[in-house]
Structure formats: structure tokens, C-alpha cells
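The values are calculated or read from the model by the stated rules, or taken from the named source; none is laboratory data. Just so it is clear, the structure is predicted and the values come from calculations on it, not from any experiment. Virtual Cβ from ideal backbone geometry, glycine too; neighbours counted across all protein chains shown. What goes into the accessible areas is simple: the full protein's heavy atoms, side chains included, and nothing from ligands, DNA or RNA. Shrake-Rupley method; radii C 1.70, N 1.55, O 1.52, S 1.80 Å.
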Amino acid sequence: MDAGDYYNFPTTYFNNLKRALGDRLHLCTVHSPTGEPASAGLFTRHNGIVQFHLSGSARQHRHLSPSKLMLFDMIMWAKSRGDRVVHLGGGVGSQKDSLFDFKAGFSNSRSHFETIRIVTDERRYSYCAELDEKNSGMSAGDAFFPGYRSSLHARQHYDRTHAVT
């Protein structure tokens with residue numbers, strides 16, 4: 001895979017995610033014609049909304065476009081359960097880039113997606129940020145994600161993104 005080291009999550013990340021979300025977390029895998037894992041993705045499902053969280057495809061199978069099959073299958077899965085929305089998210093850093101274009105190929109629907117990040121406990125926030133920096137080996141401004149996952153100076157952040165729904 002061509003993903004950066006940041007995306008090589010430890011097993012504990014997935015165990016904690018499953019523990020926190022329980023049956024609201026879903027894994028979709030696509031296998032190659034020879035049975036090897038070709039693509040996989042994590043999705044959350046709650047209150048009629050399926051949210052695309054994280055995915056990856058094996059380099060040797062990318063020519064088969066397994067992620068397209070994965071997303072199509074999850075859209076059909078959500079529809080069969082009566083979910084109202086499958087939110088695929090936007091491009092990297094909220095940009096209308098090639099990732100956004102790929103996701104946009106699944107629907108003509110667009111929505112404005114906003115998040116707000118406010119630190120309510122500065123002491124705990126600083127502790128988590130320091131742990132993250134120590135464990136990731138990245139300095140405060142080197143990582144991609146906001147908050148304690150990337151930047152010690154991102155104490156309060158308001159983010160607007162373009163998203164495919």
C-alpha cells in the first residue's frame with residue numbers, strides 16, 4: 001500500500017473502535033478471484049446514516065478496482081436495511097481532488113458537512129496531544145489530522161468540507 005505510516009494503525013486502534021462502537025461498526029472486504037484480500041473498509045451505521053470511515057486496497061489488485069465494488073456493495077447493503085444516507089466524505093483535507101471525484105462517481109447528491117472541534121478540558125487535551133506526539137513520532141505540525149491527532153496548536157478549529165452523500 002502507498003499510505004503513509006500514519007495510516008498503519010496498531011491493532012489496539014481497531015479493538016478500541018470495535019469496543020466503543022459495537023454493532024454500529026461494520027467491515028466490508030472484497031477478495032480477489034484467487035481469494036486474497038483485495039480491499040477492505042470500515043463503516044459506521046447509526047440512526048439511518050452509514051458513514052465511510054477508513055479503507056485500503058492491496059496494490060497488486062488495484063487494477064481490478066476492488067474499492068469500487070466495496071463501496072457499491074455497502075451502498076446496496078445500507079439501502080436493503082432502510083438507511084437514509086450513505087456518507088462517503090470528501091477529498092483529502094476537504095479539497096475537491098481526485099479522491100472527492102472518485103467518491104462523487106457514486107452519487108449526484110452533495111451535502112455540506114461541518115465539524116467543530118472545541119477543547120473543553122485543556123489539561124486532558126494537552127496530555128493526549130503529548131501522548132500522540134510521543135507515540136507517533138511526529139512533531140505538532142507534521143500530521144494530517146486536527147486536534148490531539150495532529151497538532152498541539154489546534155486548540156479550537158472549525159472545519160467545513162464538501163462531502164458526497
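Screening His87 against (1) at pLDDT 90 or above; (2) open to solvent by less than 50 Å² (accessible area, probe 1.4 Å); (3) not aliphatic (A, V, I, L, M) leaves a single unmet condition, (1).
Residue selection: Arg45 satisfies the criterion of being assigned to a strand (DSSP E or B) and either of a type in the set (Gly, Ala, Ser) or more than 22 Å from Asn108 (Cβ to Cβ) (or both). Entry remark, the range 53-64: residues being farther than 15 Å from His26 by Cα and either modelled with pLDDT of 95 or more or surrounded by 14 or more Cβ atoms within 10 Å (Cβ to Cβ) (or both) number 5 in total. Just one of (1) in a strand (DSSP E or B); (2) open to solvent by 80 Å² or more (accessible area, probe 1.4 Å); (3) modelled with pLDDT under 90 fails for Leu27. It is (3).
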